[in-house]
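Undergrad: Dumping the structure here so I can ask a few things about it.
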Amino acid sequence: MAEPLLKVTDLKIEATAYPPGEPPQDITIVEGVSFALDKGRVLGLIGESGAGKSTIGLSAMAYGRGGVRITGGEVVVNGRDILRLGVRGLRKLRGAEVTYVAQSAAAAFNPAKRIMEQVIEATLEHGRASRAEAEARAKSLFATLGLPDPDTFGNRYPHQVSGGQLQRAMTALALCPHPDLVIFDEPTTALDVTTQIDVLAAIKDAIRETGVAALYITHDLAVVAQVSDEIMVLKGGTMVEHGTTDQIINAPREDYTRALVSVRSIAHEEKVPSDDPVLRVEHVTARYRGTAFDVLHDVNVAVHRGQTLAVVGESGSGKSTLARVITGLLPPSEGQITFAGRPLSATLAGRSREDLREVQMIYQMADVAMNPRQTVGTIIGRPLEFYFGLKGAAKRARVAELLEAIEMGKGFIDRYPAELSGGQKQRVCIARALAANPRLIICDEVTSALDPLVADGILKLLLDLQKKEDVAYLFITHDLATVRAIADSIAVMYRGRVVRYGPKSEVLAPPFDDYTDLLLSSVPEMKLGWLEEVIAHRKMESAGN
C-alpha cells in the first residue's frame with residue numbers, strides 16, 4: 001500500500017503561560033494525537049473552542065501560532081518529517097505543497113493590494129506557474145467558487161467585496177498553486193447558508209478533481225459531515241473519538257461526541273410586543289459615499305423592549321449596512337430612525353453621549369474587536385469611565401460584577417485577549433456592551449465564529465441577560481438555527497430590501513416566498529449526502545425554469 005500523504009504520530013504541542021504575579025509556566029495544549037491522511041481524502045477536525053483543532057491543523061505546516069511549540073512526535077508529509085526541515089525547507093513546503101485557508105479572510109488579505117496579486121503570489125513565488133497561467137487558474141477558480149465577474153473580480157481590492165466573497169477568494173488562493181494538502185480552517189464560518197452550499201460543493205469538487213488531501217477544521221458538525229471522509233473529535237488537546245463520518249454522525253461512541261451531535265437545544269418562546277418600539281426604522285434608503293446606487297431600499301423594521309429582532313439574509317443582503325445606518329456610521333439618504341420615541345441624528349457626530357450609550361454593538365470577530373495590548377479589565381472598564389466617570393476601585397468592582405454576569409468571574413480581570421478562548425473573548429465583548437447599560441444591543445454575527453457548544457452557551461447567556469436587564473437585541477445572522485433559538489421577530493433581507501417581516505411563528509411558516517424558501521432549505525442537516533441532494537434539487541429547479 002502507498003504511504004499516506006500526511007502522517008502524524010504522537011503529536012505534542014506546548015506553549016508558555018504567564019499567570020499574573022507568577023513565573024512563566026509551560027503548558028501542554030496537544031498531546032498524543034495520531035492520524036494518517038491519504039491523497040484525495042478529507043479529515044474533519046471538530047471540537048469545542050480551545051480543543052486544539054487549528055493548532056493540530058497548522059502542525060501540518062510545522063507551524064505554531066502565537067508562541068506555540070511542537071515539542072514531540074512526527075509530522076510526515078510526502079514521506080519526510082517536516083519537523084526536521086530547516087527554514088529553507090519549510091519555505092518551499094508552505095504555500096506550495098501545503099496551503100492554508102484562514103478563518104478570517106478580512107484579516108488575512110492586504111488591504112493595499114488587489115485580490116488577483118494576492119491570489120497568485122504564492123504560485124509565482126514557488127515557481128508553480130507563469131503569471132499568465134496563474135491568472136488563468138485564478139479566474140477559473142473564481143468561476144468555480146461562484147464569484148461575480150470572474151474575469152475582472154481579481155482587479156478589486158479586498159474592501160470592495162463582501163466578507164463571503166473574500167473568503168471564497170482565499171479558497172482560490174490556497175488552490176491556485178495545485179497543492180498536495182490544504183488546511184481549511186473554518187472556511188465557511190463567515191458565509192451565509194446559501195453561499196456556504198456553493199463553496200462546500202466547490203471545495204468537494206476541487207478535492208475530487210485534483211486529488212488533493214485536506215484537513216477541514218470546523219465547529220459545525222453538519223457542515224463537516226458533507227465534505228469529510230473521516231472525522232476526529234477533539235477536546236482539551238486530546239483525541240476523543242476518530243472514525244468514518246457515517247459512524248461519528250450516526251453511531252457516536254463517546255458522550256462528548258453525542259453532545260456535539262445533539263447540540264442546539266435552546267427552546268425560546270416567542271414574546272408578543274406589548275409596548276412602543278425601542279427602535280423604529282422607517283422608510284430608510286441608503287447608499288455609500290461615491291457610489292451611484294442604493295444599498296438599502298425603503299427598509300421598515302422595529303425592535304421592542306426586552307425582545308429580539310433577527311435580521312437574516314445572505315452575504316451582501318444589507319444586514320450589516322442596516323446596522324451601520326442605525327449606529328450613525330452611514331447616514332441614510334431617505335427615511336428616519338427613532339429611538340425611545342425621539343429621532344436619532346443621521347450621523348454619529350450629531351448624536352449625544354446618551355444616544356451613544358443606549359445603542360451598543362457586539363461584533364462578529366472578537367479577535368479584531370479588542371485591543372490585544374489591553375487587559376480584560378481595561379477593555380470592559382473603558383465604557384464605565386467614558387459614560388459614568390467610574391475610576392479606580394469603583395471601576396474595578398463594576399468590572400468584576402460584569403465578569404460574574406457573563407459567567408467568567410473576576411479571575412479574568414488581568415488577562416489579555418490572547419489568553420482567552422474564542423467563546424471567552426466574545427463574552428468579554430458582551431460585558432463591554434453591557435457596561436454602558438444600553439437599551440439596545442446590535443449583535444452582528446456574534447456566534448458565527450464559535451463552535452456549537454460554545455455558541456449555545458453565548459445564546460443562553462444573551463437570553464438570560466435579556467430577562468434580567470430587559471435589553472432589546474437586533475441580532476444579525478445567517479444562521480437559521482440561531483434565529484429559531486433566540487428570535488421573537490424576523491426580518492428577511494435580500495439585495496437591500498426586507499422581503500419578509502413579522503413574528504417568528506409567521507415568518508418561518510409556509511407559504512414562503514422564493515428567497516425565504518431558499519434560505520430555509522440551505523440550512524445544513526446532520527445527514528450524509530445532504531449537500532448532494534440540495535445541489536441536485538437546485539439543478540432540477542434551474543432546468544425546469
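The values are calculated or read from the model by the stated rules, or taken from the named source; none is laboratory data. Small disclaimer: the values here were computed from a predicted structure and weren't measured. Cβ sites come from the backbone with ideal geometry, for glycine too, and all protein chains shown count toward neighbours. Accessible surface is based on the protein model in full, side chains and every heavy atom, while ligands, DNA and RNA are left aside. Shrake-Rupley method; radii C 1.70, N 1.55, O 1.52, S 1.80 Å.
Undergrad: Relative contact order of the range 281-363: what whole-number percent is it, with Cα pairs under 8 angstrom and at least 6 residues apart?
TA: Details: 103 pairs, mean separation 23.9, N = 83.
After rounding, I find 29 percent.
Undergrad: To continue, here is another question. About the Cα centre of the chain, how large is the charge dipole given +1 on each Lys and Arg Cβ and -1 on each Asp and Glu Cβ? Please answer in debye to the nearest 20.
TA: 1600 debye
Undergrad: Place a +1 charge on the Cβ of each Lys and Arg in the range 253-394 and a -1 charge on the Cβ of each Asp and Glu, then give the dipole magnitude about the Cα centre in debye, rounded to the nearest 20.
TA: Roughly 480 debye, rounded to the nearest 20.
Undergrad: Now a separate question. If amide hydrogens are placed 1.01 Å from N in the peptide plane, which non-local residues have theirs closer than 5 Å to the one on Tyr494?
TA: It is Val499, by chain and number.
Undergrad: Please give the contour-minus-distance gain from Leu528 to Ala108: 0.36 nm per residue of separation, less the Cα-Cα distance, rounded to one decimal in nm.
TA: This chain segment gains 148.0 nm when fully extended.
Undergrad: Debye sum, Cα scatterers, the range 152-271, no solvent: what log₁₀ I/I(0) at q = 0.17 1/Å?
TA: The computed values of log10 I(q)/I(0) come out as -0.96.
Undergrad: State in Å² the accessible area per residue of the chain; use a 1.4 Å probe, count heavy atoms of protein chains only, and round to the nearest integer.
TA: Heavy-atom SASA per residue in the chain reads 44 Å².
Undergrad: Using only the heavy atoms of the protein chains and a 1.4 Å probe, how would Asp444, Asp26 rank by accessible area, largest first?
TA: Asp26, Asp444
Undergrad: Same structure, new question: Would you work out the relative contact order for the chain, in percent, from Cα pairs under 8 angstrom that are 6 or more residues apart?
TA: Numbers: 1076 pairs, mean separation 85.4, N = 545.
Here the relative contact order equals 16 percent.
Undergrad: Let me ask you something else. Multiply the residue separation of Leu90 and Arg495 by 0.36 nm, subtract the distance between their alpha-carbon atoms, and state the gained length in nm to one decimal.
TA: 141.3 nm
Undergrad: Additional query: Which parts of the range 41-80 would a label at Asp26 reach, counting a residue when its backbone N lies under 18 Å from a point 7 Å out along Cα-to-Cβ?
TA: Residues 64-74 fall inside that zone.
Undergrad: As I understand it, the value is the acute angle between the Cα axis of helix 452-469 and the longest principal axis of the Cα atoms of the chain; what does it come to in degrees, rounded to 10?
TA: Helix 452-469 and the main axis of the chain meet at about 10 degrees.
Undergrad: With a cap of 10 neighbouring Cβ atoms within 10 Å, and only residues DSSP puts in a loop, list the trypsin sites (Lys or Arg not before Pro) found in the range 309-390.
TA: Passing both the DSSP loop test and the Cβ count: Arg373.
Undergrad: If I model a spin label at Ser421 and Glu385 as a point 7 Å from the Cα along the Cα→Cβ vector, what separation in nanometres do I get?
TA: 3.1 nm
Undergrad: I need the GluC sites (Glu not before Pro) found in the range 247-311, filtered to DSSP loop residues with at most 15 other beta carbons within 10 Å of theirs.
TA: Working: sites: Glu254, Glu269, Glu270, Glu282; in loops: Glu254, Glu269, Glu270.
Sites meeting the loop and neighbour criteria: Glu254, Glu269, Glu270.
Undergrad: Roughly how many percent of the accessible protein surface of the chain is carbon and sulfur, given a 1.4 Å probe and a whole-percent answer?
TA: Carbon and sulfur atoms account for 49 percent of the accessible area of the chain.
Undergrad: If I stretch the segment between Thr9 and Thr152 completely, what's the gain in nm (0.36 nm per residue apart, minus their alpha carbon distance), one decimal? If you can, show how the numbers build up before the last one.
TA: On the way: separation 143, 0.36 × 143 = 51.48 nm, distance 4.45 nm.
Between Thr9 and Thr152, full extension yields an extra 47.0 nm.
Undergrad: Here's another thing I want to ask about it. If the limit is 23 Å between Cα atoms, which of Lys467/Lys504; Lys53/Lys425; Lys53/Lys319; Lys204/Lys539; Lys7/Lys53; Lys39/Lys113 go over it?
TA: Too far apart for the 23 Å limit: Lys53/Lys319; Lys39/Lys113.
Undergrad: Something else now. How high is the FRET efficiency between Lys39 and Arg342 when r is their beta carbon distance and R₀ equals 51 Å, given to the nearest 0.05? Let's see the in-between values first.
TA: Values: r = 64 Å, r/R0 = 1.25.
FRET efficiency, Lys39 to Arg342: 0.20.
Undergrad: Which FRET efficiency value, to the nearest 0.05, do you get for Asn371 and Met540 by plugging their Cβ-Cβ distance into 1/(1 + (r/R0)^6) with R0 = 45 Å?
TA: So the FRET efficiency works out to roughly 0.30.
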